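Throughout, read-outs are computed from the coordinates displayed, never taken from laboratory work. A quick note: this is a predicted structure, and the numbers were derived from the prediction, not measured. Don't worry about glycine lacking a Cβ; one is built from the backbone with ideal geometry, like all the others, and counts go over all protein chains shown.
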Amino acid sequence: MKLPENIAERVQPLLDALPLDTAMAQLVVKHRTDPAHCALVKEIVESPNIATRPALSAALWLYVDELDLSHEISQSINGATGSFWHGIMHRREGDFGNSHYWMTRVGKHPAMITVPGYEPHSFIDEVEAANGASPQPLVDLQRREWQALFTWCANR
């Protein structure tokens, strides 16, 4: 990810502890979050470089599957970016109708042009059709979606 240096330095301990290729392995979160990962995120989101950037905080809580905290933050972010994190969170909790609602509010987000073949409503439908399973191609797309939106937010 191409992140500003001050953001990259802050999130690196989390990325070292939970690399992107192992994070968000569940399409619909069913298992508790690792407390050690939550502790890392709590420390990161309280740092000055992140604390004033709610979109990054919402994203980092999603990264460790802590949906409630991500939801609390994302629903308070006005505009397409907040709606996008909000829609992802609802998809990951299995509330597909609500996820569609928020993705409709997003419209076309500039972060998504970097994810070839990505269409949020189709993705929601595919996750729902997976019926609780986490097929690797969909997990990979989920990771690319998160990475694209996180990178976009970090660079704004």
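Scanning segment 84-119 for residues that are without any contact (Cβ under 8 Å) to a residue 24 or more places away in the chain and either hydrophobic (A, V, I, L, M, F, W, C) or touching a strand residue (DSSP E or B) at 6+ places or on another chain (Cβ under 8 Å) (or both) returns Trp102, Met103, Ile113.
Residues in segment 1-36 that are out of contact with any helix residue (DSSP H, G or I) (no Cβ under 8 Å at 6 or more places or on another chain) and not in a helix (DSSP H, G or I): 7 in all.
If the requirement is being under 11 Å from the mean Cα position of the chain (by Cα), surrounded by fewer than 18 Cβ atoms within 10 Å (Cβ to Cβ) and more than 25 Å from Lys42 (Cβ to Cβ), which of these qualifies: Arg105, Arg144?
Arg144
Please specify each residue of segment 37-83 satisfying the condition of being under 19 Å from Ala111 (Cα atoms), in contact (Cβ under 8 Å) with a residue 12 or more places away in the chain and outside any helix (DSSP H, G or I). Those that are under 19 Å from Ala111 (Cα atoms), in contact (Cβ under 8 Å) with a residue 12 or more places away in the chain and outside any helix (DSSP H, G or I): Arg53, Ile77.
Where helices (runs of 4 or more DSSP H) fall wholly inside segment 93-156, the ranges with 2 or more residues that are within 21 Å of Ser76 (Cβ to Cβ) and not hydrophobic (A, V, I, L, M, F, W, C) are 96-106.
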